[in-house]
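A quick write-up on the structure given underneath.
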Amino acid sequence: MLARMDEIALLRAHFPELEFRDVRVVQSGWDSLVLVLDDEWIVRIPRRAEVREWMEREAALLPELAGTLPVSIPRFELVAHDGFACVGYRKLAGSPANENLQERTGEDLGRFLSALHRFPVDRARSLGVPCYDPAAWRAKFDGVCGEFRRRVFPLLDSTEREQAETVFARVPELDFAPALVHADLGPEHVLCRNGEVVGVIDWSDARVGDPALDLAWCLNGTPKPVADAAARTYGVDARLRERSLVYHRLGPWYEVVYGLDTGQERFVASGVEGVRARLPRRGRGLGAGS
């Protein structure tokens, strides 16, 4: 793993026309190092070969996707492949959607997701986006739930494990018309300005799969007026809403596994807290609870 000064030197060597003075680390995680240059450029440097492949897929997909969406998305102007890999784009306007969400925010999310999910699946496939039909998707999530049992169950009590099994039991029932999905749509990746959604970032997980995955946070993790507006604008039916809740309940489990993989106890602790908060209340079925 390169030292930070080495990475900055390589940036200057690969992009001599790029002038910057201030460098701020906004993320130094398992997947990528993310830098902000002069509060103008975002640069992502992959930590692993797998992440480098994800970024290359983004570089192919995003230019075509940009013209189809009602919000801004990154436009990679800096791309390095040889030896040193990175992508860079001009920082988008807006702030993460962590607070001050309004009914308009929900309407914007509904419009954005409607447009995204209409992107031609065949074209996404031709651009190298991973594609899952319902059977392959169910198999993937069945494997994910198996990993959760092995690694997260030891941190839960027997009642919590029973409640979790009611969530996992819904995976074989997942059925849908495949669509291009962002696959990691949460408040940290949605940029807002005065309640208006103006941008969506971090498309490295984009794939063809269940559109309900993108609605998990919108419908289950936002204030009710926001969720209702998103559902109304998108045209959410009962089955789509139910599937979105399954994915919402599974979200914190990934955080626990990430914390275990990287030895970061704070993520294990916060993930377990999230898992417990989203478990169905005993005796009230999958639709009960947060």
Query raised in the report: What residue, of ALA179, ALA229, ALA183, is buried (at least 17 other Cβ atoms within 10 Å of the Cβ), at positive phi and at pLDDT 95 or above?
Result: ALA183
Query raised in the report: From the list ARG161, ARG123, ARG150, ARG138, which residue is closer than 21 Å to ALA66 by Cα, part of a helix (DSSP H, G or I) and not assigned by TED's automatic domain parsing to the domain that holds ARG75?
Result: ARG123
**Report entry** Counted residues, segment 68-91 - those being part of a loop (DSSP other than H, G, I, E, B) and modelled with pLDDT under 95
**Finding:** 5
Query raised in the report: In this structure, does ALA80 turn out to be touching a strand residue (DSSP E or B) at 6+ places or on another chain (Cβ under 7 Å) and surrounded by 15 or more Cβ atoms within 10 Å (Cβ to Cβ)?
Result: yes
Requested in this report: Pick out the one residue from VAL200, VAL226 that is under 17 Å from ASP108 (Cβ atoms), touching a residue at least 60 places away in the same chain (Cβ under 8 Å) and within 13 Å of the chain's Cα centre (by Cα).
Outcome: VAL200
Query raised in the report: Which one of ARG104, ARG44, ARG12, ARG24 is part of a strand (DSSP E or B), farther than 24 Å from LEU127 by Cα and of a type in the set (D, E, K, R)?
Result: ARG24
Query - Conditions (1) among the polar types (S, T, N, Q); (2) touching a Gly at 6+ places or on another chain (Cβ under 7 Å); (3) under 23 Å from GLN163 (Cβ atoms): number failed by THR233 - result: (3)
Report task. Report, by residue number, each residue of segment 187-207 that is crowded, with 23+ Cβ neighbours inside 10 Å, among the aliphatic types (A, V, I, L, M) and part of a strand (DSSP E or B). Result -> VAL190, VAL197, VAL200
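The values are calculated or read from the model by the stated rules, or taken from the named source; none is laboratory data. No experiment lies behind these values; they were computed from the predicted model shown. Cβ coordinates were reconstructed from backbone atoms using ideal geometry, including for glycine residues, and neighbour counts include every protein chain displayed.
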